[in-house]
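See structure below.
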Amino acid sequence: MTEEKNALVTVQSNEELTKLYGESANLGSQNLQGVIPMLKIHTTNKSQGNELANGKEPNDGWFFLTGSQEQFENPVCHILTISRGFKSEGMTDTKTNKKGDDKYNQILGGVIVDGTEYKPFIMYFTGIRLSRLWDFGKEVSKYTHCKPVGIPMFALTVKLATEKVKHDYGTSYAVNFAIVKDGDFPKLVTDTGQFVFLRDSLKSMEDTIESLINLKSTEEKIVRDSQGNEIEDIIIPEENTDGIPF
């Protein structure tokens, strides 16, 4: 029996889990209340304000999680959602005081698996990082449309890594996504409690990300919740550009 059949048999043998998979297959692959820590890539001499809990600077090219002030070389995650694209105001050059062009963004929301603990995060993608995000989305779509049971994105286990790439402005770190597999088939969430937790976390994550987009977007400044009601007093975390000037 192939790894694919083994994984799907495990899911299908649990009637409740099979129902949950079917109902949730498309969640998060299309477009918190509260403040969600940001996941950044630390770049020595570029990233500012990143400090570990012990007072030291994070390692160059590692992922830095605000809030808990931890670093991860290759965090293992569940990707809950990838936002719709939006444009935000460009950065202002501190030397010329000239504002750059509006830039296209997407926000990824997920949880880092750290032992038995899930640590939520959001991460901004713009410039050269977007192509890797889109490639990941294409790979995920193969599983969300899988037969006989569609697999929601958040049920996949994903390992993140960084790669330094060259561009017209120098070099920057891009993010690589690797779906963790058992043999040739993805490692799936097979615990009903974990599945429900991730599914419910996704719903609240999407609301907060959408509120952030409404505040950041140059197209709309009114902040609304999922029911279309205006929201006030939302705290906006500083956008993570990690030194990428475009």
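Observations on the structure shown:
- Contact map, the stretch 4-21: residues that are farther than 18 Å from K181 by Cα and among the acidic types (D, E) paired with residues that are part of a helix (DSSP H, G or I) and at pLDDT 80 or above, Cβ distance under 8 Å, separation 6+ or inter-chain. Pairs shown: E16/T192.
- Residue match in the stretch 147-157 (condition: basic (K, R) and closer than 24 Å to L8 by Cα): yes
- Looking only at residues of the stretch 119-150 that are under 25 Å from F72 (Cβ atoms) and among the β-branched types (V, I, T), we find that the one that is surrounded by the most Cβ atoms within 10 Å (Cβ to Cβ) is I122.
- Residue that is surrounded by the most Cβ atoms within 10 Å (Cβ to Cβ) [pool: residues in the stretch 163-191 that are farther than 14 Å from L133 by Cβ and of a type in the set (D, E)]: D182
- First in the stretch 42-67 and within 23 Å of K159 (Cβ to Cβ), second anywhere and exposed (fewer than 15 other Cβ atoms within 10 Å of the Cβ), Cβ under 6 Å, 6 or more apart: D60/T44; W62/E73
- Cβ-Cβ under 9 Å pairs, at least 6 apart or on other chains, the stretch 160-183 side over 18 Å from H42 (Cβ atoms), far side loosely packed, with under 12 Cβ neighbours inside 10 Å: G183/T2
- Considered as a group, the residues in the stretch 164-178 that are more than 19 Å from M123 (Cα to Cα) and either part of a loop (DSSP other than H, G, I, E, B) or in contact with a strand residue (DSSP E or B) (Cβ under 7 Å, 6 or more places away or on another chain) (or both) include one that is modelled with the lowest pLDDT, and that residue is Y169.
- Candidates are the residues of the stretch 195-224 that are touching a helix residue (DSSP H, G or I) at 6+ places or on another chain (Cβ under 9 Å) and of a type outside the set (D, E, K, R); the one that is nearest to Q12 (Cα to Cα) is F195.
- Of all residues in the stretch 91-136 being of a type in the set (G, A, S) and modelled with pLDDT of 95 or more, the one that is nearest to P186 (Cα to Cα): G110
Conditions (1) of a type in the set (S, T, Y); (2) within 30 Å of P148 (Cβ to Cβ); (3) in a loop (DSSP other than H, G, I, E, B); (4) modelled with pLDDT under 75, marked per residue:
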site: L27; (1), (2), (3), (4): no, yes, yes, yes
site: V35; (1), (2), (3), (4): no, no, yes, yes
site: K40; (1), (2), (3), (4): no, no, no, no
site: L52; (1), (2), (3), (4): no, no, yes, no
site: K56; (1), (2), (3), (4): no, no, yes, no
site: H78; (1), (2), (3), (4): no, yes, no, no
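- Within the stretch 179-217, tally of residues that are part of a strand (DSSP E or B) and either out of contact with any strand residue (DSSP E or B) (no Cβ under 9 Å at 6 or more places or on another chain) or farther than 24 Å from G22 by Cα (or both): 3
- Residue satisfying condition, being over 14 Å from I41 (Cβ atoms), assigned to a strand (DSSP E or B) and among the aliphatic types (A, V, I, L, M), within set V111, V140: V111
- The stretch 192-224, residues that are surrounded by fewer than 14 Cβ atoms within 10 Å (Cβ to Cβ) and modelled with pLDDT under 90: T218, E219, E220, K221, I222
The values are calculated or read from the model by the stated rules, or taken from the named source; none is laboratory data. Worth saying up front: this structure is predicted, and the values here are computed from it rather than measured. Note that each Cβ is placed from the backbone with ideal geometry, even for glycine, and that neighbours are counted across all protein chains shown.
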